[in-house]
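The structure appears right after this line, and notes come after that.
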Amino acid sequence: ATDTSLASFLIRNVQSASVPQLLQAVHGWKNVEVTDLASFSTNSQMLAVNKQSWESMLEESGKLCEKKDFIFAKFNQLLAKLKVENTERNATDAAAFKAKESALAAWLDSEAEYRLQSEKIKEAEEGAAYARSQYEKWSATVTETQKRLDKMNAEYPKEKGDIQLERDLIKEILRLLGVLAQEPQPATAAKAHPLTLKQVEARVSLLKKHAEEGGPITPKQVNMLNSQLASFGETDEVKKLLEAMLKDLDQREAVIDKALKDTQEELTAHKAELVKYEKDVVDLSNAGDEAKQAADAADLKRQTLNGKKTTTAEDYTDEHAEFEITFPPAEKSIFIIEQIKKKIGDFCAAKTA
């Protein structure tokens, strides 16, 4: 099929053939053109017919000028149908392209959602692992702190009892020394009031026994006390020593109380950390499960959309390949008919000049 053959056919048959018959002829010509890619050319190369050939074809058709309006009406109807077909062809190609792009965009969104949920899984798992390690650390810390507190609660009451006992003994000794101080004092301790002296010695003896058993007051302190008691002339020094012992007992008791209070506070704080990380483990594990479900759903969706993306891309490739083959002959057929109209117009104008 050549451009000239189509032009010749249309000129010869336009007066007698119907518009559908002319359209069918154009379709047949285009089908032949499609199978012969080598025949494609640009509009500037279309219908390379010399002037003599045009005049010959127009002269042979007979009475063209008399029926020019009728002929042009048919050609205009034919052009309208061909242009509608071209518009539909363009729309089909554009729709295929849009479907491909839409499917690609939808797949990219689903891929992004899948990766987001996968990242959330990773973050939740890492967070849960860290929280779990912290929970184990604080669990061990709570256990150790509880053991220390239990040991304090087991030992401190006895130690505080010993402190109180020794405090009472020292205060009793101080009271007895006060009684001695109110009595006339002989030159030596041996001549002191025998009953009061024995009472003091008895209390000191008990104090020494507690010191030797590991009580708060040390044996060294008791020995210093005995040394000072050798002479009741040193009563003031004895009182200072005893008062220093009471102060030591008070300080030791304060240390015990503070240590117990601090350990109780530590245990409370450690338990709070334990509860916090226990909650974090649960929350992050739940978050990981939720992200896993969301990732599974996103994965299924992206696989479905990937299939659609592939299909629409293949459809567009096929459609556009066909478009690139069929569109040039379609455009060429329109160009040929418009050229025929122009040549008829020019031919008839020359006849009347």
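The values are calculated or read from the model by the stated rules, or taken from the named source; none is laboratory data. These numbers were taken from a predicted model, which means no experiment stands behind them. So basically every Cβ, Gly included, is an ideal-geometry build from the backbone, and we count neighbours across all protein chains shown. Just the protein is used for accessible areas: all its heavy atoms, side chains included, with ligands, DNA and RNA removed. Shrake-Rupley method; radii C 1.70, N 1.55, O 1.52, S 1.80 Å.
Assess whether Asp150 counts as being closer than 30 Å to Val282 by Cβ and surrounded by fewer than 14 Cβ atoms within 10 Å (Cβ to Cβ).
Values: closer than 30 Å to Val282 by Cβ: yes; surrounded by fewer than 14 Cβ atoms within 10 Å (Cβ to Cβ): yes.
Against the criterion (closer than 30 Å to Val282 by Cβ and surrounded by fewer than 14 Cβ atoms within 10 Å (Cβ to Cβ)), Asp150 qualifies.
Do we have any residue at all in the stretch 326-334 that's within 30 Å of Gln15 (Cβ to Cβ), of a type outside the set (Gly, Ala, Ser) and either in contact with a strand residue (DSSP E or B) (Cβ under 9 Å, 6 or more places away or on another chain) or open to solvent by 70 Å² or more (accessible area, probe 1.4 Å) (or both)?
Checked the stretch 326-334: at least one residue is within 30 Å of Gln15 (Cβ to Cβ), of a type outside the set (Gly, Ala, Ser) and either in contact with a strand residue (DSSP E or B) (Cβ under 9 Å, 6 or more places away or on another chain) or open to solvent by 70 Å² or more (accessible area, probe 1.4 Å) (or both).
Okay, residues lined up against (1) surrounded by fewer than 14 Cβ atoms within 10 Å (Cβ to Cβ); (2) out of contact with any strand residue (DSSP E or B) (no Cβ under 9 Å at 6 or more places or on another chain); (3) modelled with pLDDT under 80:
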site: Val200; (1), (2), (3): no, yes, yes
site: Glu234; (1), (2), (3): no, yes, yes
site: Ala244; (1), (2), (3): yes, yes, no
site: Gln251; (1), (2), (3): yes, yes, no
site: Ala254; (1), (2), (3): yes, yes, no
site: Glu278; (1), (2), (3): no, yes, no
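Is it fair to say Leu300 is among the aliphatic types (A, V, I, L, M), open to solvent by 40 Å² or more (accessible area, probe 1.4 Å) and under 28 Å from the mean Cα position of the chain (by Cα)?
Values: among the aliphatic types (A, V, I, L, M): yes; open to solvent by 40 Å² or more (accessible area, probe 1.4 Å): yes; under 28 Å from the mean Cα position of the chain (by Cα): yes.
Spelling it out, Leu300 is indeed among the aliphatic types (A, V, I, L, M), open to solvent by 40 Å² or more (accessible area, probe 1.4 Å) and under 28 Å from the mean Cα position of the chain (by Cα).
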